Every structure is written in C-alpha cells, then in structure tokens.
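Here's the structure, in structure tokens; my notes come after.
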Ligand code: SF4
C-alpha cells in the first residue's frame, strides 16, 4: 500500500486546534498573574483577549475599561461598539478578528498604563502573537504603537501605510476612543476608518 499524502485540510484543522489550546493555556496563566500590585487590587478579571479560531488579523488596543473588566472581554464598551461598526463597514466581521490589549488588567479610574506596567505585561501579548501567528496586526492608539515599534515614533507619522514587522504586516492607527473624543468629523475617525479599510485590503493579499 502506498503511503497516504498529507491532507492539507486536516493539517489546517489540527494546526488551528493546537493554536487554540496554546492560546487557552496562555490565558489561563495570565489570569493568575499578580505582577502589578496596584492593578491586581482593583481588577475584577484579567482580560486575556478574544482569539477566534483561525483569525488572520489581530487588533491590539491599550487596556481594559470598566465594562471589559466586569465581563472579561476586550472592546465591548463604546469604543468597542464603534470598532465593530467600522469593521462591518470595511467588510471585516468582529467574530473573525482577534482582539487583545497590551495591558491585561484595568488601570484604576481608566488612567493610562504606566511604562512599567506595559513592560511587565507585554510578555503575554508577545506569546499570543507568536502562537496565533497572524499575517496582519493593527495597533490601535499610542500604547499599542509603543508595544510594536517602541516609544520614539509618532502615530501620525506611521499611520496610513503597511509596515513589514517581525515577519508579518503591521498597520498603525488611532484608538477608537480617540475617534469618539474628537467626534464624527474629527481627523482620528476618518483616519481610523481609512486604516481599517487598508487592513481589509491588505488581508486579501496576505
Ligand atoms: S497587567 Fe499584566 S503583568 Fe500586570 S498583573 Fe495584569 S496580567 Fe499581570
């Protein structure tokens, strides 16, 4: 009997299943993390992220807000609702997109994460990226930009184009909360919409 040829479809299913298991394991470990004393004292949950099976696009934000902290999922408040609407507009369903934050625990009173906190926490996200291995990553806002490219670059100088980054593609854009703050006619809203459209086009060729 001749040996059977590998079945690419079966291989894909197995690969996806293995990645899901690894991502679940990372999330389980992150839920036990107590590295940031201030955040641990105030958090309800550790928000590890949403990783739908087979997701090819990863959106990276800053940190959980109050609703995310209460329910344990990223981007479900006002900013998340705007993000979902804009994803729909460009033909990307949130259900097929991975979403995570640089910081997994909510800073008290929604203050910005400190550099020490993001430095401590980035290992979880780095491991999630390595396991998910998405061809395209989109960073939302300055904290996520700092995670990807360091803190010496300006968002407005980097957005609007596709970067080669760590063996994958990277698009940099505004956080949806900035788009809300500046209003529907503000520059961040237009930029975020354009950059998500660019992400949808890039995904087609990745
Ligand atoms: S923010 Fe990150 S590093 Fe800090 S306690 Fe939460 S999971 Fe751990």
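Read the figures in this text as sums done on the coordinates, not as results from a lab. What you see is a predicted model, and the numbers here were worked out from it, not measured in a lab. Don't worry about glycine lacking a Cβ; one is built from the backbone with ideal geometry, like all the others, and counts go over all protein chains shown.
Odds and ends about this structure:
- Shape analysis of the range 141-206 places it in the oblate category; the axes a ≥ b ≥ c from the Cα gyration tensor give an a/c of at least 1.5, with a/b not above b/c.
- Relative contact order for the range 118-174: 39 percent, from Cα pairs under 8 Å spaced at least 6 residues apart, divided by residue count.
- Helical mean residue ellipticity (222 nm; -39500 (n - 2.57) per DSSP H run of 4+; nearest 500) of the chain: -15500 deg cm²/dmol
- Among 182, 75, 51, the order by Cβ neighbours within 10 angstrom, fewest to most, reads 182, 51, 75.
- This ranking places 16, 138, 47, 97 by how few other beta-carbon atoms lie within 10 Å of each, fewest first, which gives 16, 97, 138, 47.
- Among beta bridges from DSSP that stay inside the chain, the antiparallel ones total about 30%.
- Tensor-based shape of the range 50-206 (alpha-carbon gyration tensor, a/c under 1.5 rounded, otherwise prolate or oblate): rounded
- Order of 204, 121, 20, 105 - criterion: other Cβ atoms within 10 Å of each residue's Cβ, fewest first: 204, 20, 121, 105
- Take every Cα pair under 8 Å whose residues are at least 6 apart in sequence, average their separation, divide by the length of the chain, and the relative contact order is 21 percent.
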